[in-house]
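Chemist: This is the structure I have questions about; it appears just below.
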Amino acid sequence: MGGVVISRRIADTFKERSFQAGSRTAATRWRAPASSRAIGIFKEERIVEHARALGTEVIGPELRKLADKHPSVGEVRGLGVFWALELVRDRKTRQPLCRSTQLGRDAKPMVEVMTACKAGGVWPFAHFNRLQITPPCTTNADEIREGPLAIDKALEAADKHYTG
């Protein structure tokens, strides 16, 4: 189940025309009760609060330690359990480790980083010069701390391409 949040100005444009979005299963009658129960479980088990604490107390501090250690980490950003490391060749210029248009041999630095991550048992999502770290909301703090240890080793591959 999903939703869209838009400004009043944009919403008003759909008074005279339809909003074409959705999927063939969007109108199934089972979605609302299942979603309602899932939201109830999130509230009962305080999953949002847990995710917020993981980000504030564990993920953010651990990833910032990596940034302090590895020059190839240009920025750490995130909230809750959704975080990203931006990898750069130069912190001053913010030149990306790999650009969005680079493929094949030119994407080698990120391929090396991801290969090292996987060898360490961590599979972050990689997109161009960004590693996304998004553990499940119910992960415990000890499990979370294992990820940055593997990523620390993998960032050595990114550091080899640092020119700044």
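Chemist: Would you mind ranking Ile59, Ile10, Ile144 by Cβ crowding within 10 Å, fewest neighbours first? Kindly include the intermediate steps, with their values, before the conclusion.
Modeler: Numbers: Ile59 28, Ile10 10, Ile144 19.
Fewest-to-most Cβ neighbours within 10 Å comes out as Ile10, Ile144, Ile59.
Chemist: If we count other beta carbons within 10 Å of each Cβ, what is the order of Asp68, Asp152, fewest first?
Modeler: With the fewest neighbours first, Asp68, Asp152 line up as Asp68, Asp152.
Chemist: Out of residues 5 or more away from Leu87 or on other chains, whose amide H comes under 5 Å of its own, with H placed 1.01 Å from N in the peptide plane?
Modeler: Gly74, Leu97, Arg130, Leu131
Chemist: Could I ask something else about it? In whole Hz and in residue order, list the ³J(HN,Hα) couplings for the stretch 49-54 that follow from phi through the Karplus curve 6.51 cos²θ - 1.76 cosθ + 1.60, θ = phi - 60°; x for Gly and Pro.
Modeler: Once θ is set to phi - 60°, the couplings for the stretch 49-54 become 5, 5, 4, 4, 5, 4 Hz.
Chemist: Something else about it: Report the gain in length on full extension from Val4 to Phe82: 0.36 nm times residue separation, minus Cα-Cα distance, nm rounded to one decimal.
Modeler: Extending this stretch completely gives an extra 26.1 nm.
Chemist: Hey, another quick one. Across the stretch 121-133, in residue order, what do the Karplus-derived ³J(HN,Hα) couplings come to in whole Hz, using 6.51 cos²θ - 1.76 cosθ + 1.60 with θ = phi - 60° and x for Gly and Pro?
Modeler: Couplings: x, 10, 10, x, 7, 10, 9, 6, 9, 10, 9, 9, 10 Hz.
Chemist: If I fit a long axis through the Cα atoms of helix 31-44 and take the longest principal axis of the Cα atoms of the chain, what angle between them do I get, 0 to 90°, rounded to 10?
Modeler: 60 degrees
Chemist: Same structure, new question: Restricting attention to the alpha-carbon atoms of the chain, what are Rg (one decimal) and Dmax (integer), both in Å?
Modeler: Looking at the chain, its Cα Rg and Dmax stand at 19.9, 56 Å.
Chemist: Which one of Arg52, Arg145, Arg105 has the biggest mean-square fluctuation once the chain is modelled by GNM with Cα springs under 10 Å?
Modeler: Answer for the Gaussian network model of the chain: Arg105.
Chemist: Turning to a different aspect of this structure: For a Förster distance of 45 Å, can you work out the FRET efficiency between the beta-carbons of Ala38 and Ala119, rounded to the nearest 0.05?
Modeler: Calculated value: 0.80.
Chemist: Right, another one. Kindly put Ile133, Ile151 in sequence by how many other C-beta atoms sit within 10 Å of each C-beta, fewest to most.
Modeler: Ordered by Cβ neighbours within 10 Å, fewest first: Ile133, Ile151.
Chemist: Expected output is a single nm value to one decimal: the length gained when fully extending between Asp159 and Phe19, i.e. 0.36 nm times separation in residues minus the C-alpha distance. What is it?
Modeler: Separation in residues times 0.36 nm, less the Cα-Cα distance, equals 45.8 nm.
Chemist: Can I ask one more? With axes computed from alpha carbons, what is the tilt in degrees of helix 108-119 against the longest principal axis of the chain, rounded to the nearest 10 within 0 to 90?
Modeler: Once rounded, the angle reads 80 degrees.
Since every read-out is calculated from the coordinates, none of them should be taken as a lab result. Predicted model only: the values in this text are computed from it and were never measured. Cβ: placed from backbone, ideal geometry, glycine included. Neighbour counts: every protein chain shown.
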